[in-house]
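Since the structure comes first, as structure tokens, the remarks are kept for the end.
The values are calculated or read from the model by the stated rules, or taken from the named source; none is laboratory data. Predicted, not measured: the structure shown is a model, and the values here were computed from it. Cβ sites come from the backbone with ideal geometry, for glycine too, and all protein chains shown count toward neighbours.
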Amino acid sequence: MSHNGSNAQPAHAWRMLQTSNDCAGRANRPLEPGRKARKDGDMTGILSGLGRVLLGALIVITAAQAANAQDRKLPYWASLASGDVLMRTGPERTFPAIWRYRRRDLPVQVIQIYGDWRKVKEVDGTEGWMLSTLMSAKRTAIVVGQSPAPMHAEPTDGSAVNWQAEPGVVGKMPSCEAGWCLFDVAGKKGYIRSDRIWGASPGESSEE
């Protein structure tokens, strides 16, 4: 990108951060009603004695995480821990899958808890149930609006703009304060107004 007819970019020049997939990172169309998800492989007879010990430890950790989640005040923010997550109409595998999400780190808002399942809402208002094991407490956000959002060097409108993030770009969100959030897109960081992202509550002040 050139500035003022010159091919050289000044140190403060911003670049566009783009997203190449759909805003929510979903499959191109909903899954057909009644379509069954692929089953996990049968691990019976495969685990060694050490594997069983590790599995037992994992179960204990998962149970502790589930207990902690039960204590969290609803609604709360989470993100997808996998690049292949099914959203279902109800909190069991027997319920039909309506969307397949292919975008790791996509932010979601948890609005209901039922055992190991979480009812979530995503950026366009779509709601459904996901397994808690496919979700993370890591805070992320997605850029919203109709135009690129500036990522400033400091949490002020008058500071230099280091990057411009297109709507649909997903990044980590380590902290928010006074209407600004630090936004990290694969190491490219800047402060973005909280009203230009989805994944932060109004007036939120937080730090990981």
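Some notes on this structure:
- Filter result (outside any strand (DSSP E or B) and hydrophobic (A, V, I, L, M, F, W, C)) within the stretch 75-105: 81, 95
- Restricting the stretch 96-140 to residues that are surrounded by 15 or more Cβ atoms within 10 Å (Cβ to Cβ) and among the aromatic types (Phe, Trp, Tyr), the residue that is nearest to the chain's Cα centre (by Cα): 101
- Only one of the listed residues (132, 147, 159, 136) is under 24 Å from residue 76 (Cβ atoms) and without any contact (Cβ under 8 Å) to a residue 60 or more places away in the chain. That residue is 136.
- Under the condition of being without any contact (Cβ under 8 Å) to a residue 12 or more places away in the chain and either assigned by TED's automatic domain parsing to the domain that holds residue 169 or hydroxyl-bearing (Ser, Thr, Tyr) (or both), the residues counted in the stretch 96-129 number 0.
- Among residues of the stretch 72-123, those that are out of contact with any strand residue (DSSP E or B) (no Cβ under 9 Å at 6 or more places or on another chain) and of a type in the set (D, E, K, R), counted: 1
- Boolean, residue 151 is assigned to a strand (DSSP E or B) and in contact with a Cys (Cβ under 6 Å, 6 or more places away or on another chain): no
- Residue list for the stretch 170-199, filter: buried (at least 24 other Cβ atoms within 10 Å of the Cβ) and in a loop (DSSP other than H, G, I, E, B): 199
- Restricting the stretch 82-95 to residues that are surrounded by fewer than 16 Cβ atoms within 10 Å (Cβ to Cβ) and free of Cβ contacts under 8 Å to residues at least 40 places away in the same chain, the residue that is farthest from the chain's Cα centre (by Cα): 94
- Scope the stretch 181-208; condition under 24 Å from residue 111 (Cα atoms) and free of Cβ contacts under 8 Å to residues at least 40 places away in the same chain; matching residues: 194, 195, 202, 203, 204, 205, 207
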